Number of protein chains: 2
Amino acid sequence: MSIPGVATVEAVVEAGGAGTARVMARVEERMVELVSSHGDPLARHGGETITAGGKRLRPLLVCIAAGVPVAESDTLVRAAVAVELVHAATLVHDDVLDGANLRRGRPTVVAAGGRLMAVATGDLLFSRAFAELAAGGEIGPIRALSVAASALAAGELMQRADRWNLTVDQDRYLERCRLKTGVLFRAACELGALAGGAPTGALGSFGESIGVAFQLLDDVLDVTGPVERTGKPRGTDLLDGTVTLPLIEACRRDPGLALLDLRALADPRRAASVCDQIEATGALDHARDHALALVADAKAALPGWLPDAQRGALELVADGVVERYS
Amino acid sequence: MSIPGVATVEAVVEAGGAGTARVMARVEERMVELVSSHGDPLARHGGETITAGGKRLRPLLVCIAAGVPVAESDTLVRAAVAVELVHAATLVHDDVLDGANLRRGRPTVVAAGGRLMAVATGDLLFSRAFAELAAGGEIGPIRALSVAASALAAGELMQRADRWNLTVDQDRYLERCRLKTGVLFRAACELGALAGGAPTGALGSFGESIGVAFQLLDDVLDVTGPVERTGKPRGTDLLDGTVTLPLIEACRRDPGLALLDLRALADPRRAASVCDQIEATGALDHARDHALALVADAKAALPGWLPDAQRGALELVADGVVERYS
């Protein structure tokens with residue numbers, strides 16, 4: 001699906017030491033507590049969104065960026081919860097936009113409770129993220145998270161503005177990936193670094209790079225499928241008018257494709273056939289290579305002062321991003 | 001409309017001294033700057049939302065709560081901008097929910113740019129509010145605003161949960177008003193108090209009370225109209241399934257009304273006739289009296305240590321909330 005496999009996550013938790021499992025368990029507890037403390041509608045819909053889970057990659061990054069072995073602390077739990085709440089808020093709002101019915105095999109908030117419920121649920125998860133950090137009393141994490149939250153929304157706006165537009169180039173696409181995915185991974189690492197008392201710069205860059213790679217590979221998977229693996233039909237992005245690197249590069253290689261009218265697709269079978277055309281140009285290798293290079297560079301650029309155990313755990317996460325592709 | 005008249009706002013600005021006009025001008029500039037610094041889609045849609053204005057009652061409350069004459073400061077401008085951005089974000093999201101086409105005589109973001117654009121625009125305004133406060137480096141205002149933002153979303157969820165439900169009672173309705181409107185007025189006063197170095201408790205309570213009164217009178221205006229004054233047909237809340245105090249009290253007084261099926265209204269003329277029925281029960285006086293009592297109590301409870309000039313300015317705002325009714 002859209003996250004590294006369970007095996008990778010388990011390996012990272014193990015690499016982080018016993019503290020990691022404890023922090024991650026407290027993150028789950030705290031999130032359930034938060035959504036159940038706001039009355040019935042949120043408990044029902046926010047609870048569903050949050051307990052449906054996902055592999056908690058971002059909280060895990062917060063933990064590992066704080067240091068290995070992971071030292072349990074309230075600050076760390078708060079940071080990890082806040083990052084995951086912003087992520088959850090984004091998912092809930094994305095589902096409103098996409099009119100999606102299922103996420104992780106469960107009904108989305110918008111499907112179960114309607115648009116109004118979903119917009120308000122996302123807003124509440126969002127607000128609670130900042131309240132969670134404000135309770136900790138430190139300004140640095142709030143600053144980092146507010147930058148990331150702004151970027152997420154700006155990325156959505158950019159994606160909307162670029163919809164159906166086949167003249168979008170690779171640089172603009174990569175900037176969108178940075179805004180939509182990279183910057184929250186960056187914030188996860190920065191919040192971890194702040195909790196661990198380390199400088200944020202290098203860890204933040206690492207996070208951003210693997211976040212962009214993550215998005216790139218997600219976009220490749222949309223073309224390759226199969227549905228059993230991704231949980232959605234091939235070419236969902238095409239049908240949605242979202243122009244990603246595989247298509248951008250394929251249009252460059254096959255000028256015939258550049259004449260495609262995405263709005264006219266409107267049919268999963270035609271979308272699947274365009275996916276085949278994209279694949280035939282070799283554009284998927286181009287996109288995948290770009291992602292692999294980002295991950296390799298991110299690993300290579302990890303600063304010298306990092307203890308070996310922490311470096312190893314961060315590399316495991318980075319490899320997990322790649323692994324889900326292969 | 002939904003705010004005190006221009007005359008009241010001008011009187012409050014004047015009462016606050018020359019600093020008020022300067023702070024309010026800087027709030028406008030800063031908001032335009034913020035929305036234009038996030039690329040074209042936000043500049044277009046967020047810009048429209050923000051420049052369409054409104055009377056800036058909440059920023060004005062921030063100023064006056066900070067002290068009179070208002071002393072211009074970056075902290076104060078940031079606080080006022082942040083409160084207004086959260087308010088603007090809520091309006092943009094509310095319009096998605098209501099499918100509203102016009103606000104303040106201009107196309108809403110959802111009408112001009114679609115649902116996706118509107119959800120993302122609201123999210124961005126929201127994030128920028130916290131970024132604005134984080135830039136100031138103080139935790140107190142962030143804490144107050146995150147509580148208010150959570151309450152706003154919880155209030156929306158509550159309104160959604162109570163939709164079409166004629167068994168909602170006055171207490172539950174008042175709690176919804178507190179969440180939807182009172183708590184952001186409270187935050188405006190608390191942020192002002194923090195900027196002015198004053199205790200937040202009494203000013204916060206004052207803000208919350210006049211905020212609830214504001215919402216109550218807004219709900220009365222929905223029943224009385226006329227459309228030339230409110231900008232929307234009478235009974236819009238009824239058609240929308242939003243059960244407010246006028247209807248709750250009318251049902252108590254006229255058991256026939258309690259049998260009404262709101263979902264079956266579906267027609268502005270029938271809604272207007274239900275408005276007449278509500279009015280005939282005297283329920284509007286009940287709701288209005290409740291609001292007036294809240295405002296009177298809020299004024300009476302202003303703390304003794306407030307300088308006369310500041311007390312006078314706060315009373316002007318409170319009177320403005322009532323004035324728009326009469």
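Mind running the shape call on chain A? Use the C-alpha gyration tensor, a ≥ b ≥ c as the square roots of the eigenvalues: rounded below 1.5 for a/c, prolate if a/b tops b/c, oblate otherwise. It is oblate, given that a/c is not under 1.5 and a/b is not larger than b/c. Can you bin region A:164-298 into rounded, prolate or oblate? Criterion: square roots of the alpha carbon gyration tensor eigenvalues sorted a ≥ b ≥ c, rounded for a/c under 1.5, prolate for a/b above b/c, oblate for the rest. Prolate.
Scanning chain B for chymotrypsin sites (Phe, Trp or Tyr not before Pro) that sit in a DSSP loop and have at most 13 other Cβ atoms within 10 Å, the longest stretch containing none of them is B:1-163. When +1 charges are put on Lys and Arg Cβ atoms and -1 charges on Asp and Glu Cβ atoms, the dipole computed for region B:6-323 relative to its Cα centre reaches about 460 debye. Positive end of the dipole of chain B (Cβ unit charges, origin at the Cα centre): among B:135, B:114, B:167, the Cα lying farthest that way belongs to B:114.
Annotation: amide H-H contacts under 5 Å for residue A:234 (H modelled 1.01 Å from N, sequence separation of 5 or more, or interchain): A:227. Springs join every pair of Cα atoms under 10 Å in this Gaussian network model of chain A, and among A:256, A:235, A:54 the largest mean-square fluctuation is at A:256. Kirkwood-type hydrodynamic radius, region A:154-225: 13.0 Å, calculated from all non-identical alpha-carbon pairs. Applying the Kirkwood pairwise sum to the alpha-carbon positions of the protein assembly as shown produces a hydrodynamic radius of 25.9 angstrom. Each Lys and Arg adds +1 at its Cβ and each Asp and Glu adds -1 at its Cβ; summed about the Cα centre, the protein assembly as shown shows a dipole of about 280 debye. When the helices of chain A are scored as -39500 (n - 2.57) per DSSP H run of n ≥ 4 and the total is divided over every residue, the value at 222 nm lands at -24000 deg cm²/dmol. Net charge in the neighbourhood of residue B:165 (other residues with Cβ under 12 Å of its Cβ; Lys, Arg +1, Asp, Glu -1) is +2.
Determine the alpha carbon to alpha carbon distance for each of B:55/B:180; B:232/B:299; A:180/B:180; A:55/A:180 and list only those over 23 Å. Don't skip to the answer; put the middle values down first.
Numbers: B:55/B:180 19 Å; B:232/B:299 31 Å; A:180/B:180 30 Å; A:55/A:180 19 Å.
Over 23 Å Cα-Cα: B:232/B:299; A:180/B:180.
In order along region A:111-122, the Karplus-derived 3J(HN,Hα) couplings, from 6.51 cos²θ - 1.76 cosθ + 1.60 at θ = phi - 60°, round to 6, 7, x, x, 4, 4, 4, 6, 5, 5, 4, x Hz, and Gly and Pro are given as x. Modelled spin-label separation between residue B:138 and residue A:18, with each label point placed 7 Å from Cα along the Cα-to-Cβ direction: 4.4 nm.
Can you find, among A:195, A:154, A:284, the residue sitting farthest towards the positive end of the charge dipole of region A:6-320, where Lys and Arg contribute +1 and Asp and Glu -1 at Cβ? Value: A:154.
Given R0 = 45 Å, the distance between the Cβ atoms of residue B:111 and residue B:301 translates into a calculated FRET efficiency of 0.60. Remark: region B:129-143, residue by residue, has Karplus-estimated 3J(HN,Hα) of 4, 6, 4, 4, 6, 4, 4, x, x, 10, 7, x, x, 5, 4 Hz, where x stands for each Gly or Pro and the curve is 6.51 cos²θ - 1.76 cosθ + 1.60 at θ = phi - 60°.
Bear in mind these aren't lab numbers, they're just calculated from the coordinates by the rules spelled out. What you see is a predicted model, and the numbers here were worked out from it, not measured in a lab. Glycine gets a Cβ as well: all are built from the backbone with ideal geometry, and neighbour counts include every protein chain shown.
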